[in-house]
Amino acid sequence: MAERLSRIQERERAALVADLQELGPEQWRSATLCTGWDVEEVVAHLGAAARTGMGAWTRSMVRARFDADVHNRRLLEAFRGATPEETLDRFRAVGPIALPFADSPGGLGELVVHAEDVRRPLGLTHRVDPAGLLVVARFFATRDFAVNSRSLVRGLTLVASDAGFRHGSGPEVRGPLLALVMTMAGRPSHLGELTGAGVPELARRVGGSSAERRAPA
């Protein structure tokens, strides 16, 4: 795309920081769409991802014996501060997420999904950069990267009701592009925004999937 994804990431991160700096102490402990993680833990996870290159990521996974939960927990605990405010200050200072490679749609997808993980339970809304969201949707629909997004939608036709996105063949699943992206990332919370003959099958796959609920890290 004409604009580098890292620049879109920077704007999306700045928007998330702006939302986070308005949170009260109890909101930082609120549950998110990431099972078992509160708001501060999701933010620390994002910050850790921005500081972890592919080599460090691989070494961490090996040390964790390829247990993603152990890997993610170690990295986020190393990143988080003594208080949510300190964690936010550290997150404010990081650069873009570069996994699986520099300027990858995977890094932007990580940020988009986790930002929605935080915002939706808190009742916050944000319009994700349309061009960036479209790139993330295409990436998720064609690759299984940490979450089984491609496998979840195999044999279904995805159609965005608010963007020029259409993918696949088979029973149709139609809805807002962000809802499609979040569902491909394994979040059942957005299924209610989708319509079409393919929704029951997609709901079955998402509900029965053992895929990690957290986006790439």
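The values are calculated or read from the model by the stated rules, or taken from the named source; none is laboratory data. The structure presented is a predicted model; accordingly, all values stated were derived computationally and were not measured. Positions of Cβ are backbone-derived with ideal geometry, glycine not excepted, and every protein chain shown enters the neighbour counts. Heads up: the accessible areas ignore ligands, DNA and RNA and are worked out on the full protein's heavy atoms, side chains in. Shrake-Rupley method; radii C 1.70, N 1.55, O 1.52, S 1.80 Å.
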Gaussian network model of the chain, Cα within-10 Å springs - most flexible of 48, 203, 64: 64
List the residues, sorted by chain then number, that are 5 or more residues from residue 51 or on another chain and whose placed amide H is less than 5 Å from its amide H. none
With a Förster radius of 45 Å, plug the Cβ-Cβ distance of residue 74 and residue 166 into 1/(1 + (r/R0)^6) and report the FRET value to the nearest 0.05. 0.65
Carbon-plus-sulfur fraction of the accessible area of the chain, 1.4 Å probe, in percent? 53 percent
How much of the DSSP bridge set in the chain is antiparallel, in percent, rounded to the nearest 5? 55 percent
Mean separation of Cα contacts under 8 Å (6+ apart) over length of the stretch 100-201, as relative contact order %: 21 percent
Here the relative contact order (percent) of the chain, from C-alpha pairs under 8 Å and at least 6 apart, is 20 percent
What fraction, in whole percent, of alpha-carbon pairs in the chain exceed 24 Å separation? 39 percent
Please list, in order, the residues from the stretch 124-140 whose amide nitrogen is less than 19 Å from a point placed 7 Å along the Cα→Cβ vector of residue 61. 139-140
Mean accessible surface per residue for the chain, computed with a 1.4 Å probe while every protein chain stays in place, in Å²: 44 Å²
Computed [θ] at 222 nm, helices only, for the chain once each DSSP H run of length n ≥ 4 contributes -39500 (n - 2.57): -16500 deg cm²/dmol
For the chain, the longest principal axis of the Cα atoms and the Cα long axis of helix 54-63 enclose an angle in degrees, to the nearest 10, of 80 degrees
So how far apart, in nm, are the two label points at residue 31 and residue 122 if each is 7 Å from Cα heading toward Cβ? 1.8 nm
Rank-order 77-84, 123-130 by packing density, defined as the average count of other C-beta atoms within 10 Å over each peptide's residues, highest first. 77-84, 123-130
Given labels modelled 7 Å from the Cα in the Cβ direction, how far is it in nm from residue 17 to residue 143? 2.6 nm
Would you work out the relative contact order for the stretch 60-113, in percent, from Cα pairs under 8 angstrom that are 6 or more residues apart? 16 percent
Sequence order, the stretch 74-84: Karplus ³J(HN,Hα) from phi using 6.51 cos²θ - 1.76 cosθ + 1.60, θ = phi - 60°, Hz rounded, Gly and Pro as x, gives 4, 5, 5, 5, 5, 8, 5, x, 6, 9, x
